[in-house]
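No lab work stands behind these numbers, since they all come straight from the coordinates. Remember, predicted model here, so these are calculated numbers, not experimental data. We place every Cβ from the backbone using ideal geometry, glycine too, and count neighbours over all the protein chains shown.
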Amino acid sequence: MTKVINRRFIERIKGEAGGVTVGGGSGGGGGMTLDVQEGQGTGNAYTEFTYDSGVLTLNKGKTLVDTDAVDQTIAGNKTFSNTVVAPEFQGPSDERLKDFVGDIELTALQVAMAPSKIFRWKGKRDDGRVHGGTIAQYWTGIAPWALTKNKQGFYMVNSPGLALASVKAVAREFVELRKEVAELKAVIQTMKSDLQNQ
């Protein structure tokens, strides 16, 4: 984990709370990289700083967390460049946490018309795999609540929320069709009874 700019000088200080590993130059020249390790609990966290010309800078994107059976809360949006695997994903859904502003009103036809594509990612995102999904632009005028944009201006989709809304739209259509079928059966039964009584 330790990044050393100049291997002529390495120092490690360790205590009960964790350890600090420093690598840098032996003289006045050269920069230095500092890795701070948390030593408590069953998980390990590493944060990297760079010290150069009297300035200590946190290296963004250089904090690693080893979540070995540790419950953690991480604030902010996180972007992963590869597949995230977990046996279950959960999010807060308690009514007491929500200020409702309306109902989702997707139709079964809108869901049926939604693009469903197999694709490969372009450029640096290409991982050599084939993926499946929708196209965010289709939903801009139908379900804007399900879309956000990242810092680069690309759309991201709230897939769980959109999937639930789509299922509800199809289920609502199914309930209406069952009601119509029941009404038609009743009409047919009445017609049969009238014919039998003639």
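Neighbours of Leu109, meaning other residues whose beta-carbon lies under 13 angstrom from its beta-carbon, give a summed charge of -2 when Lys and Arg score +1 and Asp and Glu score -1. Less than 19 Å from a label point 7 Å out along the Cα-to-Cβ axis of Leu164: which backbone N atoms in the stretch 82-105 qualify, by residue? Counting backbone N atoms under 19 Å from the label point, the list is 87-105. Computed over the stretch 105-198, the convex hull of the alpha-carbon atoms projects to a mean area of 8.8 nm².
How much length is gained on full extension from Lys192 to Trp145, taking 0.36 nm per residue of separation minus their Cα-Cα distance? All intermediate terms of the calculation are to be shown ahead of the outcome.
Numbers: separation 47, 0.36 × 47 = 16.92 nm, distance 5.02 nm.
Extending this stretch completely gives an extra 11.9 nm.
So how much slack lies between Ala114 and Thr83, counting 0.36 nm per residue of separation and subtracting their Cα-Cα distance, in nm? Taking 0.36 nm per residue and subtracting the Cα distance, the gain is 8.7 nm.
Using a simple spin-label model with pseudo-atoms 7 Å out from Cα toward Cβ, Arg172 and Asp94 lie 2.9 nm apart. The trypsin sites (Lys or Arg not before Pro) of the stretch 132-193 that DSSP puts in a loop, and whose beta carbon has at most 15 other beta carbons within 10 Å, are Lys151. Restriction of the trypsin sites (Lys or Arg not before Pro) in the stretch 109-148 to DSSP coil positions whose beta-carbon has at most 10 other beta-carbons within 10 angstrom yields Lys122, Arg129. Legend: distances between Cα atoms for Lys78/Lys124; Lys117/Lys168; Lys122/Lys168; Lys149/Lys179; pairs beyond 29 Å are Lys122/Lys168; Lys149/Lys179.
With a cap of 10 neighbouring Cβ atoms within 10 Å, and only residues DSSP puts in a loop, list the chymotrypsin sites (Phe, Trp or Tyr not before Pro) found in the stretch 75-163.
Working: sites: Phe80, Phe89, Phe100, Phe119, Trp121, Tyr138, Trp139, Trp145, Phe154, Tyr155; in loops: Phe80, Phe89, Phe100, Trp121, Phe154.
When the chymotrypsin sites (Phe, Trp or Tyr not before Pro) of the stretch 75-163 are filtered for loop state and at most 10 Cβ neighbours within 10 Å, Phe80, Phe89, Phe100, Phe154 remain.
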